[in-house]
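Data first, discussion second: the structure below is written as structure tokens.
The values are calculated or read from the model by the stated rules, or taken from the named source; none is laboratory data. Just so you know, these numbers come straight off a predicted model, no measurement behind them. Note that each Cβ is placed from the backbone with ideal geometry, even for glycine, and that neighbours are counted across all protein chains shown.
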Amino acid sequence: MTASPTRLPTIPVMRPLLGEEEAEAVAEVVRSGWVAQGPKVAEFEREFAASVGAGHGIATTSCTTALHLSLLLLGIGPGDEVVVPSFSFIATANTVRHCGGTPVFADVERDSGNLDPASVAAVITPRTRAVVVVHQGGMPCDVSAIAAVCGDLPIVEDAACAAGSQAHGRPVGSGALLAAWSFHPRKVLTTGEGGMITTDDPEWAVRLRRLREHGMSVSAADRHAAGDKVIIESYVEQAYNFRLTDLQAAMGLVQLRRLPGMVDRRRELAARYASLLPDLGVRPVADPPFGRSNFQSYWVELPDSAPPVPDVLQTMARAGVSGRRGIMAAHLEPAYAGHPHVPLPVTEHLTTRSLILPLYHDMTESDQRRVVDTLAAAITDPSGAS
Ligand SMILES: *Cc1c(COP(=O)(O)O)cnc(C)c1O
């Protein structure tokens, strides 16, 4: 195939905002000689926890491992049910299985893609031990509405996408029992790979630090800090190696300083999309009355008249615009074939009839117009966009 000389560059779905500051911060850690979990991780934990209004941060390798440890902490094991949305990245459900528990799927609300309290209430049984709510695509979930139907069941917040989002005038994560965060490049704040648990409970923080570091009674960093005082560690329970590195944390500290600006910019771009899209009959995701999204994912629900999502994406891709299918539904994947669940009509509708549009910091107005024009052509005449 020969590329046309006038072909415009492909518009990516997401592009992390990284600069010389990140490169310099990582280089400095390399020069320091301490590259594994150490002082930079501790600093990143303190600053990230403070930024979301939580008492403690426990860095991990990913949000997946952050959720895994949060559920282990709550004692989830074989025979235990944990309510989760199917409408989420598959890791949300998988982490229940990582603990030996059984994920029980509940449906979501059409506007936000977040858990529907009535659906949660309907799947709670005497074996339910916890509920995982997701702030899907950065859209804040009204955790208080879920809590209202959960009695005293613990709620874990999958805040993978939600750094910088707000609910009820406070950052998502503020007041959370346990919140799990992701720093994968598809999210707003990135460390390459990485995650964090935030909580206000100091004893939980101690146990979580131990669980992510082989069950050691004292961390390698603390032993080092003790200087010439010899400390012999013990291994008090079977645990894991889910440690973040100082290389990643150094990058995270720079990204954390950029976060407010990145969120403002995403909200500006989302507002422009919202003003460009209505003529097409698509429904863009929008802030709920009680909160503000960071618009980590900007998804739109297609009108009934539009072709199937894969066809729309294919037409857009041929025109150099990378969209993505909407949020996935775990129960439709082979990994969950045969897994029992209640009917999930809203999940199935949204996952098959929505798609994610490109949105990244340095996106220009003409990029956005090109996305909208391409989408318009793809949903009216699937062969017309080129
Ligand atoms: C990305 C994502 C995860 C997984 O995060 P990792 O850091 O890649 O493990 C979990 N839950 C949701 C909702 C996500 O979007």
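Structure above, values below:
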quantity: Residue that is farthest from ALA106 (Cα to Cα), among those in region 141-153 that are more than 13 Å from the ligand (Cβ to nearest atom) and outside any helix (DSSP H, G or I); calculated: ASP152
quantity: Exclusive hit being modelled with pLDDT of 95 or more, over 18 Å from CYS99 (Cβ atoms) and away from the ligand (no atom under 11 Å from the Cβ), set GLN136, GLN166; calculated: GLN166
quantity: Helices (runs of 4 or more DSSP H) within region 278-386 that include 2 or more residues over 18 Å from the mean Cα position of the chain (by Cα) and closer than 25 Å to ALA118 by Cβ; calculated: 345-353
quantity: Residue that is farthest from LEU256 (Cα to Cα), among those in region 274-313 that are in contact (Cβ under 8 Å) with a residue 60 or more places away in the chain and of a type in the set (S, T, N, Q); calculated: SER305
quantity: Cβ-Cβ under 7 Å pairs, at least 6 apart or on other chains, region 260-273 side not assigned by TED's automatic domain parsing to the domain that holds SER165, far side aromatic (Phe, Trp, Tyr) and surrounded by 16 or more Cβ atoms within 10 Å (Cβ to Cβ); calculated: ARG266/PHE295; ARG267/PHE295; ALA270/PHE295; ALA270/TYR298; TYR273/TYR298
quantity: Condition check for VAL108: among the β-branched types (Val, Ile, Thr), modelled with pLDDT of 95 or more, touching a strand residue (DSSP E or B) at 6+ places or on another chain (Cβ under 8 Å) and within 15 Å of the ligand (Cβ to nearest atom); calculated: yes
quantity: Long-range neighbours under 6 Å by Cβ, at least six apart or interchain, first residue touching a residue at least 12 places away in the same chain (Cβ under 8 Å) and closer than 15 Å to THR92 by Cβ within region 51-77, second part of a loop (DSSP other than H, G, I, E, B) and within 9 Å of the ligand (Cβ to nearest atom); calculated: SER62/GLU193; CYS63/ALA160
quantity: Candidate set from region 183-215 (those that are closer than 13 Å to ALA159 by Cα and in a strand (DSSP E or B)); member that is nearest to the ligand (Cβ to nearest atom); calculated: GLY195
quantity: Close pairs from region 150-179: first over 15 Å from TRP204 (Cα atoms), partner basic (Lys, Arg) and part of a loop (DSSP other than H, G, I, E, B), Cβ under 6 Å, at least 6 apart; calculated: CYS161/LYS187
quantity: Filter pass, ALA270 being within 23 Å of VAL13 (Cα to Cα), surrounded by fewer than 17 Cβ atoms within 10 Å (Cβ to Cβ), among the aliphatic types (A, V, I, L, M) and modelled with pLDDT of 95 or more; calculated: no
